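Here is the structure we will look at, set down as structure tokens.
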Amino acid sequence: MNCKESLRKIYEFLDGDLEKVSSAEIEVHINCCRHCWDRFEFEKQLKTLIKKSCCKEICPDTLRKRIEALLDKY
Ligand SMILES: [Zn+2]
């Protein structure tokens, strides 16, 4: 698995849409590739924020600021 492949699959992985074999491959790659790990963490946090905003009452402005803060890091 290379970075290009792993980044393409990261979203499916986060959504739990990957079959077990691919999930294992992506996990191995993320664990030894700093670049993909950062990206994975970023997408994971973003997903959590978006999910939270759908379930709870979060002011859209607050959410936007938090996402912008996340984006600033990268
Ligand atoms: Zn990588």
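The numbers here are math on the coordinates, done by the rules we state, and not lab data. Fair warning: this is a prediction, and the values are worked out from it, not measured in the lab. With ideal geometry, Cβ positions are generated from the backbone for all residues, glycine too; neighbour counts draw on all protein chains shown.
Taking 7 Å steps out from each Cα toward its Cβ at Glu43 and Ala24 produces label points 2.1 nm apart. Computed as a quarter of the hull surface, the mean projected area of the alpha carbon convex hull for the chain stands at 5.3 nm². Of the lysine pairs in the chain, how many meet both conditions: Cα atoms under 19 Å apart, and a spacing of 8 or more in sequence or different chains? Lysine pairs, 8 or more places apart or on different chains, close enough: 16.
Using C-alpha pairs under 8 Å with a sequence gap of at least 6, the mean separation divided by the residue count of the chain gives a relative contact order of 26 percent. If a paramagnetic tag sat 7 Å from the Cα of His35 along the Cα-Cβ line, which residues of the stretch 5-23 would have the backbone N under 16 Å from that point? Zone members listed by number: 5-10. Taken about its Cα centre, the stretch 3-72 carries a charge dipole of roughly 200 debye when the Cβ of each Lys and Arg holds +1 and the Cβ of each Asp and Glu holds -1.
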